[in-house]
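Right, one structure below, let's go through it.
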Amino acid sequence: MSNLLGSLTVEHSGGIHGFLSDLVYLPNEEVCVAILTNCDCEPPSALPPRIAALVIGKPYQPVAISLEAKAFDQYAPTDPSSFSLKNPLPAPRLSVIKTAKKW
């Protein structure tokens, strides 16, 4: 049990042989978001709370920060001809979100 922006949550995740899942349930709001994937390359754990926050009308709000230009120096290659990312971002994935109505 945890909380999401002040709302009580029950969460569970799991995986087996190439499959991953993650679920967040907000009992007071009667909202449950589950993500199932057949890729064990990256856990879907960031998606359910973000989607649930949107559903309950409390979307995450990114906070703007300011950085000096020198903060980016650590990412600049010293030799542009040998450029490579140390920790490349995962390839973009298609995400499908289906809205369900309460019956």
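When ranked by the protection proxy of mean other Cβ atoms within 10 Å per residue, highest first, what sequence do the peptides 23-30, 2-9 form?
Ranked by mean Cβ neighbours within 10 Å, highest first: 23-30, 2-9.
Neighbouring Cβ atoms within 10 Å as the yardstick, rank Lys70, Lys58 fewest first.
Ordered by Cβ neighbours within 10 Å, fewest first: Lys70, Lys58.
Neighbour counts of other C-beta atoms within 10 Å: give me His12, His17 arranged from fewest to most. Could the numbers behind the result be given before it?
Numbers: His12 11, His17 5.
Listing His12, His17 from fewest to most nearby Cβ atoms yields His17, His12.
FYI, it's all coordinate maths here, none of it is from the lab. In this text, all values refer to a predicted model and were calculated from it rather than measured experimentally. Ideal geometry is used to build each Cβ from the backbone, glycine not excepted, and the neighbour counts take in all protein chains shown.
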